[in-house]
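> If you scroll down you'll find the structure; I have some questions about it.
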Amino acid sequence: MSQTDGARLFRETWIASVREHFPGEPKPGYVTPWEDTPEWERQAAGAVYEQVRQFLTVSAGHASRLTREQKGRFVATCWTAQMFKHFEDPKPGYVADWANLPDWQKATDSDIFEAIEKSTS
């Protein structure tokens, strides 16, 4: 899968998971379709996709043994690094530590890891 296709997988999984896990109606920006996603966000999604894919590769597939929380933490950490790359002074919510993320976002990050994992097996 190309990095662009991986970025799209990331975004589509994000949207589906937000719709599943977010309490109430999500903000429009949370569910913006790929075609309307800003370029910086597409780049960030592609970078995180690639980091997860490489992580799975270098672990020879054994990263699948991580807990669901560990998988989500990995995605969240990779995303935080992208926020620092794309924004000089990112909003605190963009770079919040795992412990400070809402449960819906933790579940969504875990879903993203598992979707990438499934796409590479």
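All of the numbers you see were taken from the coordinates with simple rules; none came from a lab. None of the values given here were measured: they were computed from a predicted structure. Don't worry about glycine lacking a Cβ; one is built from the backbone with ideal geometry, like all the others, and counts go over all protein chains shown.
> If the only charges are +1 at each Lys and Arg Cβ and -1 at each Asp and Glu Cβ, what is the size of the charge dipole of region 28-121 around the Cα centre, to the nearest 20 debye? Each step should come with its number before you reach the end.
Values: 10 positive and 14 negative charges, 85 e Å.
It comes to approximately 400 debye.
> Now a separate question. Return the sequence-ordered ³J(HN,Hα) values of region 38-48 in whole Hz as given by the Karplus equation 6.51 cos²θ - 1.76 cosθ + 1.60 applied to θ = phi - 60°, using x for Gly and Pro.
Each residue's phi maps through the Karplus curve to give x, 4, 4, 6, 4, 4, 5, 4, x, 5, 5 Hz.
> What residue among 112, 95, 38 has its Cα farthest toward the positive end of the dipole of the chain, where the charges are +1 on Lys, Arg and -1 on Asp, Glu, each on the Cβ?
The one lying farthest along the dipole's positive direction is 112.
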